[in-house]
Amino acid sequence: MDKKPDAYDPKKALRMVFGNNPDQHILNVVRESCREAFSLPSFNTTLQTIKSHFYDRNYDAVFQNPEHLPVYSARYAPSRALCYYHLFLEHPVLMKILEGGPSTILCIGSGAGSELVGITAAMVHANPALKIKKKKVISKTKDKVDLQEEEDGQQVVEHGSEACTPTESVNEEAQPPQEATSSGKGHDNTLGMEKLSVTEDTADAATTTEELPPPTKSAVKKKGRSNRHQVTIVMQDYVDWSPILTPMEEVIRRQMALGSERLKCETEVGNVLDLSQSLLERIARADLITFMFVLNELFQDKKRTMLLVAKIVAAMPSGAHMLVVDSAGSFSNLQVGERVYMVYMLLDHLRDLEIVYQDDSTWYRCPPTVTYPLKLENMRHFIRIYKKL
Ligand SMILES: C[S@@+](CC[C@H](N)C(=O)[O-])C[C@H]1O[C@@H](n2cnc3c(N)ncnc32)[C@H](O)[C@@H]1O
């Protein structure tokens, strides 16, 4: 007698990976990845040194010393990874990218691993293979269904609500988040952004755009069968974080059950401000570009960063998204002449970017029930999700 296939239970599938507490599982992944750092006798003194460099806003001194990197990751990656995990779960536009198709996420300044852990944990919720199984089971009760078409993943792109239940919603700050209904452009008040002279200073970028019109996403990708649900995460950074990222990837693959058919990890080392040809090519292929807690560091060099942003936007394929998260406090201030702006205001006024989601100030609060060898920090941050028009 034929055995009846088990009905697909997304909650059970998630429990198989996360156990009963996804947040704790994510922290365990970071702790396991950073176990060598925790055994360093100099851990506490190195952490104090890192903090004092941060206080002085001397970011190069924080990141250009290889001894700082494992300590930085162990201290800062856990709460950020949790924050990014929940951020993805809360936004269907981001989850859709994680369902593959295939897709590519380029994370600028992501060597410390927070993005890798947070995004891969969210990928567990967006497993299209599991959804295919569910559809197959359902389809058995109906007439014939073209299973091949389902396996190609073309019909299973909707983000399933059952499979995506954030354990906690955190959004408590003064300014309510806004789902943008239109482009978010057309503000009469440009907030003096013309003074940032993006257009003047980015003459090069404009030329680049004219010579090389940005490809559309469909022109860039061919959906091969072998990697049809694969998500490629490119970790870009100006220092070589491979001693951190290599063991972290190994732990993630094992603990999040993500095989090579589902997850591909790549690194790109170089100063993003130099915008190498290879980085430009990656930008042109990316479905999502992230700037997580890196933009205000880059804005220490205002002119080069404005030029960089304009060039990146010009090179992005139409329909691709950009996710920017950074401190909601004075660290993200940008002085232009006499006036002070938040760094996102520059991006908000770029003609080629549509605001898909904006929140000027929100908190991520780590749940009190989880444990980690160090104190976990709550994070007040702003969020922007843009779409390239
Ligand atoms: C504050 S950390 C944020 C790390 C990570 N994005 C996160 O959310 O935890 C800034 C990161 O950006 C990198 N970075 C700083 N300046 C950079 C530059 N000019 N080009 C590329 N990466 C840079 C640093 O090495 C570091 O990994």
- Message: Just checking: which of the helices (runs of 4 or more DSSP H) contained wholly in the range 294-357 hold 1 or more residues that are among the hydroxyl-bearing types (S, T, Y) and without any contact (Cβ under 8 Å) to a residue 40 or more places away in the chain?
- Response: 302-315
- Before we move on, is I105 modelled with pLDDT of 95 or more and either assigned to a loop (DSSP other than H, G, I, E, B) or not acidic (D, E) (or both)? yes
- Note on the structure: How many residues of the range 81-94 are within 11 Å of the chain's Cα centre (by Cα) and either among the hydrophobic types (A, V, I, L, M, F, W, C) or within 14 Å of C107 (Cα to Cα) (or both)? The answer is 6
- Out of P41, P78, P66, report the one residue that is open to solvent by 60 Å² or more (accessible area, probe 1.4 Å) and within 25 Å of the chain's Cα centre (by Cα). P66
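Okay, residues lined up against (1) farther than 30 Å from T305 by Cα; (2) in contact with a Leu (Cβ under 7 Å, 6 or more places away or on another chain); (3) more than 16 Å from the ligand (Cβ to nearest atom):
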| site | (1), (2), (3) |
| --- | --- |
| R228 | yes, no, yes |
| D237 | no, no, no |
| W241 | no, yes, no |
| V251 | yes, no, yes |
| M256 | yes, no, yes |
| S260 | yes, no, yes |
| K264 | no, no, yes |
| G270 | no, yes, no |
| S276 | no, no, no |
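The values are calculated or read from the model by the stated rules, or taken from the named source; none is laboratory data. All values derive from a computational prediction rather than experimental measurement. When we count neighbours, we look across all protein chains shown, and the Cβ atoms used for this are built from the backbone with ideal geometry, even at glycine. The protein model used for the area step is the full one, side chains on, heavy atoms only, and it has no ligands, DNA or RNA in it. Shrake-Rupley method; radii C 1.70, N 1.55, O 1.52, S 1.80 Å.
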